[in-house]
Amino acid sequence: MKHAPRIVIIGGGFGGLYATLALEKKLSRLNQKAEISLVSKDNFFLFTPMLHEVASSSIALQNIVTPLRKIVRKATVITSKVTAIDRGSREITLESAAGTHHQLGYDYLVIAVGNTSNFYGIPGLEENAMTLKTLGDAITMRNSVISLLEKSEAECPDSDHAMPISVVIGGGGFAGTETVGAIHDLIIRSLPLYPKLRRAKVTVHLIEGGEKLLPELGSELGAYTAEALRNRSITLHLGWRISAATETTVTITQGETEKVVNHNLLIWTGGVAAHPLVNALEAPQEKGRVLVESTLHIPGDTSVWSLGDCAAVPQLGGGFCAPTAQHAIRQAETVAHNIVAEISHARLMPYTHRSIGALASIGERTGVARIFGFQFSGFIAWWMWRTVYLFKLPQWEKRIRVAIDWTSDLIFGRDIVQYLPDRSNTKGD
Ligand SMILES: Cc1cc2nc3c(=O)[nH]c(=O)nc-3n(C[C@H](O)[C@H](O)[C@H](O)COP(=O)(O)OP(=O)(O)OC[C@H]3O[C@@H](n4cnc5c(N)ncnc54)[C@H](O)[C@@H]3O)c2cc1C
């Protein structure tokens, strides 16, 4: 290679950002020259574990995102969408916000584009359900809940006729369970501000195809979570699957039995699908993820690497790593180590991982956690969740801002201002 190696990383999420940071550090330690480009369609890093806190208005939206340019030190940040990868010519195609296209060459490519939502072809689901994957999703969800409260209060003469609010959430994994707790909190804690809307008018449903919530945390914590949610009058439909959805109803089925649940807000967190770039890569896949060696490159090709949610990374004991931020951050270290090793003709190392555990916040200052095999639930687990994730935010600026938001929420209650994108108009209508 005559020029300094060109390393291009696609995706500014947990995998891509942390791989960039690790590469910057390792290359500078070895005094090795390389051009690093981080290409991402958004100019910010989004801290997804706190998305439900934005959706439920306990954190201001800008506090869980950090501009990539403020985090990386030496890499060039390119805010563009990657539309194609040509492994033959070792080029990717970028589409800028202005719609122009251009090519970017690479010697080493790291693909960390995450995944997309899967609606499994369920009739009406994609058209009528919201998802919670992006900052835009969280803002839309927050606005929709507040709009529902406003509508219910405004469109009735008295509390007996207030429009009922029915929120339905599909998926009882981490995202669904945390979202149901958070949205329920937002509605219930805002009720004193809506005198015509009584608690009896609010129903929140959680639909999960399996028999347990949060199966990753084990049956005891799953049962604790189910009981905690039921105690708040959240209706659980365990063992039921969504089979169809319309603007106002969700049909759920269990074997031959079918039920219809009315909704005025439907949220879907129940499935993930392959990213379009992964589908177009012409490389082996495992259930919609790029299949990589344990050293994290594509089989037989050490110029293309992948990690995080879009990669099927083999685990030592068999199977593949779960799509979690914890794995993405650790895989980033391995990718960076191995690319530097490849440049300097050293030995590659496999990705190995010992899980620290997992935590979930389930609303009303309650949580569940399994850390190093020990189980925690209730307030202590919620406090652990907040402490752990606060310190996982990438910069002190955001940690302080989030801590202030949480404190303000405790003292002043939820902020129910709607974020409306309307421009001012001079006619005054
Ligand atoms: C609501 C929610 C809560 C979660 N909570 C937790 C939790 O508590 N703990 C945990 O460990 N995990 C959690 N996760 C999972 C965690 O967010 C993912 O495992 C992690 O984000 C994976 O990192 P990644 O880099 O692979 O993908 P992502 O973080 O999704 O990043 C993908 C990046 O690629 C960019 N991108 C996508 N397409 C293109 C393109 N064509 N061109 C350029 N850039 C592109 C995106 O803009 C983004 O920056 C949660 C996920 C969600 C949705």
For the range 151-172, does any single residue satisfy the condition of being of a type in the set (Asp, Glu), under 22 Å from Leu125 (Cα atoms) and open to solvent by 30 Å² or more (accessible area, probe 1.4 Å)? no
The number of residues in the range 99-117 that are open to solvent by 40 Å² or more (accessible area, probe 1.4 Å), farther than 18 Å from Ser89 by Cβ and within 14 Å of the ligand (Cβ to nearest atom) is 1
Starting from residues that are in contact with a Lys or Arg (Cβ under 6 Å, 6 or more places away or on another chain) and of a type outside the set (Gly, Ala, Ser), keep the ones in the range 340-378 and report whichever is nearest to His327 (Cα to Cα). His353
The residue that is farthest from the ligand (Cβ to nearest atom), considering only those in the range 281-300 that are open to solvent by 70 Å² or more (accessible area, probe 1.4 Å) and assigned to a loop (DSSP other than H, G, I, E, B), is Gly300
Please pick out the residue among Gly136, Gly124, Gly181 that is surrounded by fewer than 19 Cβ atoms within 10 Å (Cβ to Cβ), of a type in the set (Gly, Ala, Ser) and within 16 Å of the ligand (Cβ to nearest atom). Gly136
Could you tell me whether Val39 is within 13 Å of the ligand (Cβ to nearest atom), at pLDDT 95 or above and in contact with a helix residue (DSSP H, G or I) (Cβ under 8 Å, 6 or more places away or on another chain)? no
Being open to solvent by less than 30 Å² (accessible area, probe 1.4 Å), in contact with a Lys or Arg (Cβ under 9 Å, 6 or more places away or on another chain) and at pLDDT below 95 narrows it down to one of Ala274, Ala226, Ala311, so name that one. Ala274
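Quick check: is even one residue across the range 129-139 in contact with a His (Cβ under 7 Å, 6 or more places away or on another chain) and under 18 Å from His263 (Cα atoms)?
yes
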Look through the range 1-36, keep the residues that are within 16 Å of the ligand (Cβ to nearest atom) and over 20 Å from Leu277 (Cβ atoms), and return whichever of them is surrounded by the most Cβ atoms within 10 Å (Cβ to Cβ). Leu23
Complete set of residues in the range 254-264 that are in contact with a strand residue (DSSP E or B) (Cβ under 8 Å, 6 or more places away or on another chain), in a strand (DSSP E or B) and open to solvent by 30 Å² or more (accessible area, probe 1.4 Å): Gln254, Glu258, Lys259, Val260, Asn262
Limited to the range 343-398, what total is found for residues that are open to solvent by less than 40 Å² (accessible area, probe 1.4 Å) and part of a strand (DSSP E or B)? 10
Are there any pairs with C-beta distances below 9 angstrom linking a residue in the range 308-334 that is over 15 Å from Gly12 (Cα atoms) and in a helix (DSSP H, G or I) to a residue that is of a type in the set (Phe, Trp, Tyr) and within 6 Å of the ligand (Cβ to nearest atom), with the two at least 6 apart or on different chains, and if so which? Gln326/Phe14; His327/Phe14
If we scan the range 409-424, do we find a residue that is farther than 30 Å from Lys151 by Cβ and either in a helix (DSSP H, G or I) or open to solvent by 70 Å² or more (accessible area, probe 1.4 Å) (or both)? no
Filter the range 49-76 for residues that are more than 10 Å from the ligand (Cβ to nearest atom), under 18 Å from Glu35 (Cβ atoms) and either among the aromatic types (Phe, Trp, Tyr) or modelled with pLDDT of 95 or more (or both) and give the result. Arg69, Val72, Ala75, Thr76
Lone qualifier among Thr140, Thr131, Thr116 - being touching a helix residue (DSSP H, G or I) at 6+ places or on another chain (Cβ under 7 Å) and of a type in the set (Ser, Thr, Tyr): Thr131
Of the residues in the range 344-366, those that are under 14 Å from Thr295 (Cβ atoms) and more than 14 Å from the ligand (Cβ to nearest atom) number 6
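Name every residue in the range 399-408 that is among the aliphatic types (A, V, I, L, M) and open to solvent by less than 60 Å² (accessible area, probe 1.4 Å), in order of residue number.
Val402, Ala403
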Exception for Gln375 within (1) more than 21 Å from the chain's Cα centre (by Cα); (2) farther than 16 Å from Leu217 by Cβ; (3) of a type in the set (S, T, N, Q) falls at (2)
Considering residues of the range 83-93 that are touching a residue at least 24 places away in the same chain (Cβ under 8 Å) and closer than 15 Å to Ile7 by Cα only, the residue most open to solvent (accessible area, probe 1.4 Å): Arg90
Have a look at Leu206, Leu193 and point out the one that is open to solvent by less than 30 Å² (accessible area, probe 1.4 Å) and either out of contact with any Phe, Trp or Tyr (no Cβ under 7 Å at 6 or more places or on another chain) or closer than 30 Å to Val82 by Cα (or both). Leu206
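The values are calculated or read from the model by the stated rules, or taken from the named source; none is laboratory data. Everything numeric here is computed off the predicted structure, so don't read it as measured data. Using ideal geometry, Cβ is built from the backbone for each residue, glycine included, and neighbour counts are taken over all protein chains shown. When the accessible area is computed, the model is the full protein with side chains, heavy atoms only, and any ligands, DNA or RNA have been set aside. Shrake-Rupley method; radii C 1.70, N 1.55, O 1.52, S 1.80 Å.
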